[in-house]
1. I want to check the label-to-label distance for T281 and E352. Put each point 7 Å from Cα in the C-beta direction and report it in nm to one decimal.
2. Please give the per residue accessible area of the chain, computed with a probe of 1.4 Å over protein heavy atoms only, in Å².
3. Along each principal axis of its Cα atoms, how long is segment 202-252 end to end? Whole angstroms, biggest number first, please.
4. Nearest 0.05, what FRET efficiency do L392 and K92 give at R0 = 41 Å with Cβ-Cβ as r?
5. Report the one residue of P190, A63, A476 whose Cα lies farthest in the direction of the positive end of the charge dipole of the chain (charges on C-beta: Lys and Arg +1, Asp and Glu -1; origin at the Cα centre).
6. Let's see if you can work this out: charge +1 on each Lys and Arg Cβ, -1 on each Asp and Glu Cβ, no other charges. What is the dipole magnitude of the chain about its Cα centre, in debye to the nearest 20?
7. What size of dipole, in debye to the nearest 20, comes out for segment 421-479 about its Cα centre when the only charges are +1 on Lys and Arg C-beta atoms and -1 on Asp and Glu C-beta atoms?
8. Mind listing the Cα extents of segment 421-479 along all three principal axes, in Å, largest one first?
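The values are calculated or read from the model by the stated rules, or taken from the named source; none is laboratory data. Remember, it's a predicted structure, so these values are computed and weren't measured experimentally. Heads up, the Cβs are rebuilt from the backbone with ideal geometry, glycines too, and the neighbour counts pull from every protein chain shown. Remember, those area values only see protein heavy atoms, side chains included, never the ligands or the DNA or RNA. Shrake-Rupley method; radii C 1.70, N 1.55, O 1.52, S 1.80 Å.
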Amino acid sequence: MNTEKLIDETKQGETLQLKNNKKNTRKLFIESYGCQMNFSDSEIVASILTNQGFNTTSQLEEADLVLINTCSIRDKAEQTVRKRLEKFNAVKKINPGMKVGVLGCMAERLKHKFLEEEKIVDLVVGPDAYKDLPNLLEEVDAGREAVNVILSKEETYADVSPVRLGGNGVTAFVSITRGCDNMCTFCVVPFTRGRERSRDPQSIVNEINNLWNQGYKEVTLLGQNVDSYLWYGGGLKKDFKNASEIQKATATNFAKLLDLVATAQPNMRFRFSTSNPQDMTENVLHTMAKHKNICNYIHLPVQSGSTRILEAMNRQHTREEYIQLINKIRTILTDCAISQDIIAGFPTETEEDHQETLSLMEYVKYDFGFMFMYSERPGTMAARKLTDDIPLETKKRRLNEIITLQQKHSAYRTRQFIGKTVEVLIEKESKRSNEHWSGRTPQNTVVVFPKENYKPGDFVMVKIDEATSATLIGKAVGQK
Ligand code: SF4
């Protein structure tokens with residue numbers, strides 16, 4: 001596809017106009033929890049409401065409408081939301097006109113029950129119903145409660161230009177798929193985000209061109225399961241089998257989409273998240289190898305190192321198949337960083353299963369990971385079929401062993417960079433020093449170095465002198 005043509009299709013400064021529109025009089029306070037998908041959705045919501053007369057505010061006390069975008073992945077995430085709603089109760093005493101709404105996965109999971117359980121809530125909106133917010137707000141303004149938790153077969157919000165909330169003006173998320181068809185037995189996502197559907201590649205390229213025109217230098221393509229991205233003209237992934245021959249022949253899968261975006265903006269960096277081992281293809285790896293601007297970093301959740309537990313989780317791959325994929329990645333992308341998701345203490349997990357997780361980690365030596373204890377989620381297959389039988393103390397001990405081993409491997413990985421010169425995209429000021437910039441390598445490792453005359457958005461070559469398990473420390477040796 002010809003990039004010049006693509007650039008002409010995007011109107012300059014569109015998103016800018018939307019932010020803080022002087023004509024808008026109402027104030028929206030929006031807060032997000034959970035995965036990057038939720039943060040990206042909040043930018044969609046802010047865009048829809050900016051067209052309804054709202055400006056975003058960071059002052060809770062002055063808000064006309066308070067929206068909390070919720071996560072349901074673990075019980076702790078839901079408890080966090082309930083505590084936050086208690087806080088809103090206190091604010092409502094000084095701002096009685098304030099309306100409160102809940103969005104996201106917990107809203108979808110609880111539906112009308114949310115109104116019964118949390119009296120402060122006026123509005124409950126599921127992840128596929130944000131375009132109905134204007135109607136729902138009319139209900140709320142009329143003093144009626146409002147709920148829309150219908151999951152969609154088409155909705156991808158492709159026609160909504162997100163309002164970038166906060167952020168650093170250098171990196172941004174662009175969602176490419178919604179929902180998930182993989183029914184992992186521990187996961188609520190298929191119930192709270194519905195069936196998989198992919199977004200029109202043209203609208204993805206338009207959004208990326210728009211971001212480039214606004215000075216963004218890196219985009220992360222987002223989806224619960226990006227590897228199963230498949231555009232064939234709209235509709236659910238599962239209905240692809242009924243597509244026409246021409247639709248099948250012209251379909252865009254994830255490898256093609258990566259090739260398209262990397263070609264459309266050759267100076268922009270691209271990342272993607274989240275991958276699923278059972279759906280990742282070798283084509284994706286070769287496309288990453290072909291384009292220098294696609295970062296050599298893959299987030300590849302494994303959850304467990306035991307094939308018996310992977311079966312109980314309904315993960316459609318064995319330990320051996322996962323290792324084969326790791327070997328392929330290491331062969332095709334020699335300096336690729338890999339991170340993981342691991343669950344400790346899944347029902348029926350034995351000490352042997354746990355040892356298999358540790359030995360798999362020893363084999364891969366992940367760069368970093370996200371590790372949690374199993375949290376039973378209502379409505380999931382595991383909750384219905386399996387007893388949460390691993391004692392809390394055992395879960396904690398196993399999780400600690402996994403985290404400790406990961407820290408050892410993270411330090412091993414970062415030590416490899418000492419003495420080397422790496423490419424860093426400056427994102428912001430270092431949290432620890434206002435004399436230092438912070439950015440990331442293509443391998444997604446954080447680097448901190450003295451500011452000198454560089455600025456956010458610059459690609460800088462940095463010589464690494466020291467390393468902690470999470471951060472590289474160095475000195476700039478020149479612009480890329
Ligand atoms: S792939 Fe599995 S864990 Fe990931 S969102 Fe889908 S069902 Fe959940």
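1. The modelled label-to-label distance comes out at 3.8 nm.
2. In whole numbers, the chain has 43 Å² accessible per residue.
3. Largest to smallest, the principal-axis extents are 41, 22, 14 Å.
4. 0.70
5. So the residue we want is A476.
6. In debye, rounded to 20, the chain gives about 780.
7. 100
8. 27, 22, 18
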